[in-house]
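Asks: Just dropping this structure here.
The values are calculated or read from the model by the stated rules, or taken from the named source; none is laboratory data. Since the structure is predicted, the reported quantities are computational estimates derived from the model, not experimental observations. For neighbour counting, all protein chains shown are included, and Cβ atoms are generated from backbone atoms with ideal geometry for every residue, glycine included.
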Ligand SMILES: Cc1cc2nc3c(=O)[nH]c(=O)nc-3n(C[C@H](O)[C@H](O)[C@H](O)COP(=O)(O)OP(=O)(O)OC[C@H]3O[C@@H](n4cnc5c(N)ncnc54)[C@H](O)[C@@H]3O)c2cc1C
């Protein structure tokens with residue numbers, strides 16, 4: 001079997017390497033989860049779109065590069081950007097979740113209105129799904145909207161809403177058909193974040209940063225045409241977005257970037273003058289992780305091939321979020337062990353990018369919960385892919401009241 005890349009891809013790889021040699025110094029490093037993308041981010045994003053290195057398959061009429069999906073080109077981009085330690089573009093809830101959702105199920109008008117500004121990083125989106133009593137059981141959400149004079153009047157509360165503190169827009173799930181079954185009464189709306197009646201209060205994560213928020217909605221007025229799909233069909237649209245969210249959170253690109261950094265770190269760090277790369281135990285851990293990264297990378301290619309053929313990727317697709325987030329967490333854990341006592345240092349540590357590995361290690365725990373927790377992913381795989389018996393569903397009244405005999 002010949003696993004080498006055909007000539008045209010070798011030329012493409014060289015083009016990407018040359019680009020990075022000349023431009024990698026322009027790549028931003030500021031965390032776009034903490035702040036709006038600054039001018040450096042916007043410039044980098046524009047440059048990558050122009051070259052076709054990000055928003056590569058977004059059609060030209062919506063501001064993208066307009067290339068056909070191409071698994072090998074994508075792999076080359078990931079490999080070379082990882083090697084150069086440069087960001088391959090904004091990967092936020094707008095670019096990676098809303099844009100593909102609108103391309104899949106939005107109207108032509110919605111695509112024209114929202115895709116160009118979002119991929120350029122000018123329009124920032126938040127995701128309004130979770131509520132205090134609707135996380136894993138998302139369909140039990142209670143935020144509701146009634147219709148009056150051509151407007152939805154929205155009341156309720158969202159929680160854990162990442163980026164809401166600087167987002168321009170939110171794609172939000174609300175109950176619009178109170179009498180319908182719980183999965184049938186939901187609508188998927190697109191709402192500006194500066195409407196009267198929206199109150200945003202920050203929540204601090206385990207990293208110490210306030211990356212997510214509570215969002216309170218009191219009589220918020222939104223025109224009824226700001227909806228994706230039909231009224232009451234929001235559950236289907238929400239699941240399209242969730243599919244892209246799980247792909248984003250488990251994307252092996254991040255793992256590959258961490259791996260490249262870890263290799264450098266293990267070559268630099270020493271014990272008694274011997275590089276840690278020569279420590280059998282640590283090298284064994286590194287190689288095991290590398291094996292899993294390769295498996296996830298090829299699994300990602302299998303999913304993309306299925307998508308291109310219009311087939312359901314089944315188990316391969318379901319594995320991405322569970323394995324990808326887990327793998328990233330273990331990569332950060334190895335880096336912390338390699339750094340020894342310096343690994344536990346955090347904000348403003350003078351070593352290894354200011355305690356960045358420790359921050360990642362803690363933030364990753366959140367990513368193993370967000371977008372559907374690890375336990376929920378295991379349930380999905382067990383029930384939908386492996387055909388194991390379904391989890392029993394209990395209704396109120398199935399158990400005696402607390403304290404009863
Ligand atoms: C960093 C971070 C960012 C987030 N960003 C957003 C955002 O931008 N927008 C948004 O809408 N939401 C966001 N979330 C919320 C996230 O989607 C929810 O936290 C997640 O869906 C879990 O819901 P919950 O927190 O209510 O936990 P619960 O659903 O209450 O679950 C609690 C625990 O019980 C387990 N559990 C629940 N049901 C089952 C079951 N049936 N079988 C086995 N175990 C079960 C879960 O795995 C979990 O361990 C974010 C969360 C985090 C951590």
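Asks: So which pairs qualify, if the first residue must be in the stretch 300-320 and touching a residue at least 24 places away in the same chain (Cβ under 8 Å) and in the same structural domain as residue 375 (by TED's automatic domain parsing), the second must be assigned to a loop (DSSP other than H, G, I, E, B) and surrounded by 14 or more Cβ atoms within 10 Å (Cβ to Cβ), the Cβ gap must be under 7 Å, and the two must be at least 6 apart or on different chains?
Replies: Taking only residues 6 or more apart or on different chains, the pairs are 303/313; 307/313; 320/250.
Asks: So residue 31 passes all but one of these: (1) surrounded by 10 or more Cβ atoms within 10 Å (Cβ to Cβ); (2) modelled with pLDDT of 95 or more; (3) closer than 30 Å to residue 212 by Cα. Which condition number does it fail?
Replies: (2)
Asks: Out of the residues in the stretch 170-190 meeting the condition of being within 20 Å of the chain's Cα centre (by Cα) and more than 13 Å from the ligand (Cβ to nearest atom), tell me which one is surrounded by the fewest Cβ atoms within 10 Å (Cβ to Cβ).
Replies: 190
Asks: Determine the pairs where a residue that is within 12 Å of residue 130 (Cβ to Cβ), located within the stretch 357-371, has a partner that is more than 6 Å from the ligand (Cβ to nearest atom) and assigned to a helix (DSSP H, G or I) with Cβ atoms under 6 Å apart, the partner being 6 or more residues away or on another chain.
Replies: 371/245; 371/246; 371/249
Asks: Do we find that residue 55 is under 25 Å from residue 370 (Cβ atoms), away from the ligand (no atom under 16 Å from the Cβ), modelled with pLDDT of 95 or more and buried (at least 16 other Cβ atoms within 10 Å of the Cβ) in this structure? It would help to see each step written out before you state the result.
Replies: Values: under 25 Å from residue 370 (Cβ atoms): yes; away from the ligand (no atom under 16 Å from the Cβ): yes; modelled with pLDDT of 95 or more: yes; buried (at least 16 other Cβ atoms within 10 Å of the Cβ): yes.
Judged against the criteria, residue 55 is a match.
Asks: Testing residue 315 on (1) modelled with pLDDT under 90; (2) touching a helix residue (DSSP H, G or I) at 6+ places or on another chain (Cβ under 7 Å), one condition comes back false. Which one is that?
Replies: So the condition that residue 315 fails would be (1).
Asks: Does residue 102 fit the bill of being touching a residue at least 12 places away in the same chain (Cβ under 8 Å), in contact with a helix residue (DSSP H, G or I) (Cβ under 7 Å, 6 or more places away or on another chain) and within 16 Å of the ligand (Cβ to nearest atom)?
Replies: Values: touching a residue at least 12 places away in the same chain (Cβ under 8 Å): yes; in contact with a helix residue (DSSP H, G or I) (Cβ under 7 Å, 6 or more places away or on another chain): yes; within 16 Å of the ligand (Cβ to nearest atom): no.
No.
Asks: Can you tell me which residue in the stretch 105-136 is nearest to the ligand (Cβ to nearest atom), limited to those that are part of a strand (DSSP E or B) and crowded, with 23+ Cβ neighbours inside 10 Å?
Replies: So the first thing to find is which residues in the stretch 105-136 are part of a strand (DSSP E or B), and the list is 125-128, 131, 134.
Filter once more, keeping what is crowded, with 23+ Cβ neighbours inside 10 Å: 125-128.
Numbers: 125: 9, 126: 6, 127: 4, 128: 6 Å.
Among those that are part of a strand (DSSP E or B) and crowded, with 23+ Cβ neighbours inside 10 Å, it is 127.
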